[in-house]
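Some notes on the structure that comes next.
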Amino acid sequence: MPQASGKGPTQLSAVFAPPLRGAGLLIGWCVARPCKPDGLLRPRSCPPIKMSGVRITSIMSTDPKMLSRDIPFSAILFVLLLATGLSLLAATSLPPGPRGLAIAALSLTKAALVVLGFMRLHRESRALAGALIGYAALICTLAGLKVALAA
Amino acid sequence: MELLLWILVWSELVVFGALLGAFLLLGALDPPMRATLHGALDLPLAAIATAVLLGSGFFAARAASGHQPRWNLAAAALGGFAFCALKLTAFGHELPVLGEMEGHLPELYWLITGFHLAHVLFVAVLLLVVAWRPVPRQTATVATVWHLVDLVWLLILPVIYLG
């Protein structure tokens with residue numbers, strides 16, 4: 001059985017400005033929280049889990065006791081709604097430059113939260129989760145650039 | 001994960017990505033048209049629709065996690081139908097202005113939002129079908145497609161409404 005790695009939220013959270021820090025921490029915690037000794041979740045740094053000689057690299061469990069350790073969906077929803085409200089506020093009140101940056105960052109945060117928080121895709125495949133978030137990042141960056149350069 | 005499911009997911013993302021890219025490009029080439037279009041859009045209703053769709057995704061995620069799949073899938077489907085009703089109401093407000101506009105930008109707007117609306121309606125019906133007799137594998141699959149619909153809307157919002 002793997003031991004808990006003890007790593008906290010990763011560098012992802014450091015990228016976000018203070019209004020986004022909470023959401024960034026949430027995403028970072030989703031991706032890189034410590035190993036669970038029961039093998040439910042396994043970050044990249046942890047070795048594969050072996051049970052009776054079978055190598056297990058991805059587990060989706062519906063055990064309520066295990067799921068209780070996950071971030072509650074209600075918390076994810078709250079942050080998503082908060083980010084939506086903030087992006088509307090940014091769209092109506094900020095000048096073009098910061099507005100583009102805020103809209104891009106908040107939209108990317110929401111997309112990442114849907115992928116990591118609702119879909120929990122990183123458990124199945126980190127590559128797929130990363131590709132989806134990367135694709136969303138591309139579109140959000142283009143949208144943010146358009147807004148920022150609109151003036 | 002099933003390969004076909006992910007081929008479907010990426011096909012949808014590529015199609016919507018191309019449409020959104022075209023919208024961004026046309027908007028950059030014709031700023032006055034983009035400003036007129038943006039002025040005609042119903043932003044508060046789009047915000048409410050976003051909240052409804054995110055709430056619906058919450059129920060779909062709960063269903064996929066094994067929490068009362070039948071009721072959570074039905075709640076997610078109801079959220080989808082509510083989103084459709086809100087979008088149709090918004091179209092009713094926007095049609096008089098956008099109908100008089102010429103050019104490709106309004107056409108793209110109708111195409112992107114209408115195509116997404118069709119997706120929401122179709123997958124909401126699928127959610128109801130799966131909710132009838134939920135099986136974990138089917139529940140997870142339909143929830144994944146529903147989150148894709150969520151994700152596409154979250155990309156439409158900054159490109160079209162917040163821009």
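Take B:Leu26 and tell me if it is among the aliphatic types (A, V, I, L, M), more than 8 Å from chain A (Cβ to nearest Cβ) and in contact with a Leu (Cβ under 6 Å, 6 or more places away or on another chain). So B:Leu26 passes the test.
The residue that is farthest from A:Leu138 (Cα to Cα), among those in the stretch B:6-18 that are within 11 Å of chain A (Cβ to nearest Cβ) and surrounded by 13 or more Cβ atoms within 10 Å (Cβ to Cβ), is B:Trp6. Residues considered: A:Ser125, A:Ser87. Of these, the only one that is of a type in the set (S, T, N, Q), facing another protein chain (nearest Cβ under 8 Å) and closer than 21 Å to B:Ala143 by Cα is A:Ser125.
Mind listing whichever residues of the stretch B:22-38 are in contact (Cβ under 8 Å) with a residue 40 or more places away in the chain and part of a helix (DSSP H, G or I)? Explain how you work it out, then say what you get.
Quick first cut of the stretch B:22-38, residues in contact (Cβ under 8 Å) with a residue 40 or more places away in the chain only: B:22-24, B:26-27, B:30, B:33-34, B:36-38.
B:Ala22, B:Phe23, B:Leu24, B:Leu26, B:Gly27, B:Met33, B:Arg34, B:Thr36, B:Leu37, B:His38, listed by residue number.
Is it the case, given these coordinates, that B:Leu53 is surrounded by fewer than 18 Cβ atoms within 10 Å (Cβ to Cβ), part of a helix (DSSP H, G or I), modelled with pLDDT of 90 or more and of a type in the set (A, V, I, L, M)? No, not satisfied.
The values are calculated or read from the model by the stated rules, or taken from the named source; none is laboratory data. As the structure is a computational prediction, the values presented were derived from the model and not from experiment. Cβ atoms come from the backbone with ideal geometry, glycine included; neighbour counts cover every protein chain shown.
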